[in-house]
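The values are calculated or read from the model by the stated rules, or taken from the named source; none is laboratory data. Remember, it's a predicted structure, so these values are computed and weren't measured experimentally. Ideal geometry is used to build each Cβ from the backbone, glycine not excepted, and the neighbour counts take in all protein chains shown.
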């Protein structure tokens, strides 16, 4: 009877320890997989910079004191972790960095760019920012910038040094509870209550909701067999013109382009 009792206690302790470990791992969020030597590998760091327009600094702080819930959820689903934005106020230079822990960066970033709430969010952030190399429509309206620097609204940066002791697990929570809001009046926004002050141009000047065009296009549109150069999804719709030219529009991100018939 004593031996049975001891075995029962030992089994209970083992199950308790296993349950505790399971709960701890769930609480810490997604971990990076083991490397070839059994160590937890680091995620891949990505960083970029652009300028902040001084006249729009308050709107930018208002937007980022409480990033919209859907935006943070999309970033998390696309394997982006520990996203931060820093500002050097003397030169109005912004720097952002995040850690990517997924396995298909292009597909994950395409999903971010195709998300209607993210693009609506971008339409308020873009007027606050001044990229180094950009012409034409901004990303929220399907723009790709200069041919010499395609897609570089935030100019990419090179990692010069990493001193080790990297993170191998991330929280499931957002935003960071240690972040201190910076807007002097404590103003924040949501997707349903965006900023009242903005200087958006083009189609974006009339966008008041993520549910209106071009945000109401369905991601469930039929597979067209033609890949969008912008969001990389197979959702490009084509219209034939009488002169033989073809006009193309992505049903997800609304990117538009044309091809010319030379026959």
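Being under 18 Å from residue 188 (Cβ atoms) and touching a residue at least 60 places away in the same chain (Cβ under 8 Å) is the filter here; which residues of region 104-126 pass it?
If we filter region 104-126 for residues that are under 18 Å from residue 188 (Cβ atoms), which is where we start, we get 117-118, 120-125.
Those that are under 18 Å from residue 188 (Cβ atoms) and touching a residue at least 60 places away in the same chain (Cβ under 8 Å): 117, 120, 121, 123, 124, 125.
For region 145-165, the condition holds for no residue, the condition being that it is surrounded by 20 or more Cβ atoms within 10 Å (Cβ to Cβ), farther than 24 Å from residue 189 by Cα, without any contact (Cβ under 8 Å) to a residue 60 or more places away in the chain and outside the structural domain of residue 249 (by TED's automatic domain parsing).
Output the number of residues of region 115-144 satisfying the condition of being closer than 16 Å to residue 76 by Cβ and crowded, with 20+ Cβ neighbours inside 10 Å.
Of the residues in region 115-144, the ones closer than 16 Å to residue 76 by Cβ are 115, 117-118, 121.
In the following step, the residues that additionally are crowded, with 20+ Cβ neighbours inside 10 Å were identified as 115, 118, 121.
Qualifying residue count for the region: 3.
If you check 220, 192 for being at pLDDT below 75 and either exposed (fewer than 14 other Cβ atoms within 10 Å of the Cβ) or assigned by TED's automatic domain parsing to the domain that holds residue 75 (or both), only one passes: 220.
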